[in-house]
Amino acid sequence: MTNTIQPRKKLLGFTLIEIMIVIAVIGILAAIALPSYQEHVRRTNRAEAKGILLEMAQLLERNFTEANRYDMKSDATKFTLPVTQSPKTGTAKYTIRFSPDTLTQNSYTLEAVPTGSMANDACATLTLTHTGIKGISGNPSLTASDCWQR
């Protein structure tokens, strides 16, 4: 009887080390990409709120042209904001409102107050006055330009 050595069959598949390396690479990529994506979403929501603030300011200026005041319409009824949230439909990310006691005959200050998923946004509350001054309140470590220009 002859003793022949039979060749081993080549095993197909991945080793545990190869799978662990792939999982580690995916984890590193996710750790880099996820915060960047979240910041992009926050900036997009903030941009929409800023757009609505500017739209409401334009509406107030148009009302001032017709009624010669901000707080009342030309038909002597009280002026109210037609849009009170951002985005206009769906889940609110910001509440659009007048700053308390700022809607007068000659002035107003609009606010976009973050709510829901935006409640912890670093820019906090965005403000816009009748003179066009853009500001923020609620975070003294940032300036208005930090939040309005990005």
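The values are calculated or read from the model by the stated rules, or taken from the named source; none is laboratory data. Computed from a prediction, not measured in an experiment: that's the story for all the values here. Every residue, glycine among them, receives a Cβ derived from its backbone with ideal geometry; neighbour counts consider all protein chains shown.
Things worth noting here:
- Being at pLDDT 95 or above and not basic (Lys, Arg) is a description that does not apply to Ile136.
- Of the criteria (1) out of contact with any Phe, Trp or Tyr (no Cβ under 9 Å at 6 or more places or on another chain); (2) of a type in the set (D, E, K, R); (3) modelled with pLDDT under 95, which one Arg46 fails: (1)
- Complete set of residues in the stretch 47-94 that are of a type in the set (A, V, I, L, M, F, W, C) and either more than 23 Å from Thr125 (Cβ to Cβ) or touching a Cys at 6+ places or on another chain (Cβ under 6 Å) (or both): Phe64, Ala67, Met72, Ala76
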